[in-house]
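To start, the structure itself, in structure tokens.
The values are calculated or read from the model by the stated rules, or taken from the named source; none is laboratory data. Only a predicted model underlies this, so the values are computations on that prediction, with no experimental measurement involved. Positions of Cβ are backbone-derived with ideal geometry, glycine not excepted, and every protein chain shown enters the neighbour counts.
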Amino acid sequence: SDYPDSSTQLIVDVLPNNTWHSLMRFLDAGKGNRVDGMAELKRYFRRFGYLSVPLENNSFNDFFDDEFEAALRSYQKNLGLSETGKLDHDTMTVIVSPRCGVSDFPGAGGNHALKTTRH
Amino acid sequence: FAYFYGEPRWVRSPPMLLTYAFSPGNVIDYVSLEDVTTAFQRAFSRWSAVIPVNFTEAEGYSSADIKIGWYSGDHGDGEAFDGVLGVLAHAFSPENGRFHLDAAERWAVDFTAEKSKVAVDLESVATHEIGHVLGLAHSTVKEAIMYPSLSPRTKKVDLRRDDVVGIQALYGSNPNYRYNARLESDMSSGRG
């Protein structure tokens, strides 16, 4: 079940420096874990409105902390995924999928608008 | 469905007509302008079929309401593109009208002719971004046009009930629009 589906494999094929194997290090990571490269995932969440820029040092660390877990749950809820609070297979598959650049909460970093009204 | 903060929308005297144009210096050269225009005409027509808004190509780029162009990397709007896949496109909320596509992608209008395994369907992305131009934000319904992700070599162009209800709440219904029961079942499966 951990093997990537065809769409994920497609992305792996064209992103040799970002292989599924390298992404697998995040698989099932949960609160309290420290995983090399987690800061990159935090920047991804920042870009789409789920995290704000850290106050200290203005840079993200590699710790799976409370703030990241809350952001992850919000992401899973917004993308129609199970709210596991973990970087499970389904969540990682969506993270590596191509997407629209508009923030899921426009205004959290983008300049499209301030925030959304959800119905 | 979701809206941008304040639920911005285009305000025009009825019948509402919005114009669009392609940036003369920011287009792709491996898909003919005719095919690009056709793909966008189909995308616009899907939205105009459900709301009382019509779209037509502008005579000049500078006067167009909706300005469409392909750009690479940092192109000056604070939302840099990132190369192949990743972010595909973005558009701004009403009444800004800017609609940008990542020039690094391999855009396709016909997957039988375009063999690249990273090809992205232009009409699908156009339909999604027009939703932003009109005022819709991202939907949580996977089947909806306004869901934020799209896999390569995937065509997803039909509006779902979530899209239709959302956009009609902003602009009202096209008097010629006829309810399609198939959209209801799509909504049900989305909730499931």
Exercise. Here is a list of conditions, (1) at pLDDT below 95; (2) outside any helix (DSSP H, G or I); (3) surrounded by fewer than 19 Cβ atoms within 10 Å (Cβ to Cβ); (4) not hydrophobic (A, V, I, L, M, F, W, C), and B:Ser188 meets all of them except one; can you say which number that is?
Worked result: (2)
For this session: With respect to B:His132, determine if the residue is under 23 Å from B:Gly83 (Cβ atoms), touching a residue at least 40 places away in the same chain (Cβ under 8 Å) and outside any loop (DSSP other than H, G, I, E, B).
Result: yes
Exercise. Is there a residue being free of Cβ contacts under 8 Å to residues at least 24 places away in the same chain, closer than 17 Å to B:Gln168 by Cβ and assigned to a loop (DSSP other than H, G, I, E, B) anywhere in region B:10-26?
Worked result: yes
Seminar exercise, completed: Apart from one, (1) more than 13 Å from the chain's Cα centre (by Cα); (2) at pLDDT 60 or above; (3) crowded, with 18+ Cβ neighbours inside 10 Å; (4) of a type in the set (A, V, I, L, M, F, W, C) all hold for A:Leu23; the odd one out is (1)
Exercise. Failed condition for B:Asn180, given (1) out of contact with any Leu (no Cβ under 8 Å at 6 or more places or on another chain); (2) surrounded by fewer than 22 Cβ atoms within 10 Å (Cβ to Cβ); (3) within 12 Å of chain A (Cβ to nearest Cβ), with all others met?
Worked result: (3)
For this session: List every residue pair whose Cβ atoms sit under 8 Å apart, with the two residues 6 or more apart in sequence or on different chains, where the first one lies in region A:63-77 and is surrounded by 15 or more Cβ atoms within 10 Å (Cβ to Cβ) and modelled with pLDDT of 95 or more and the second, anywhere, is outside any helix (DSSP H, G or I) and among the acidic types (Asp, Glu).
Result: A:Arg73/A:Glu83; A:Tyr75/A:Asp104; A:Gln76/A:Glu83
Exercise. Limited to region B:70-99, what total is found for residues that are under 22 Å from B:Asp29 (Cα atoms) and facing another protein chain (nearest Cβ under 8 Å)?
Worked result: 9
Problem set entry | B:Lys117, sole failed condition from (1) over 21 Å from B:Asp158 (Cβ atoms); (2) modelled with pLDDT of 95 or more; (3) within 12 Å of chain A (Cβ to nearest Cβ) | (2)
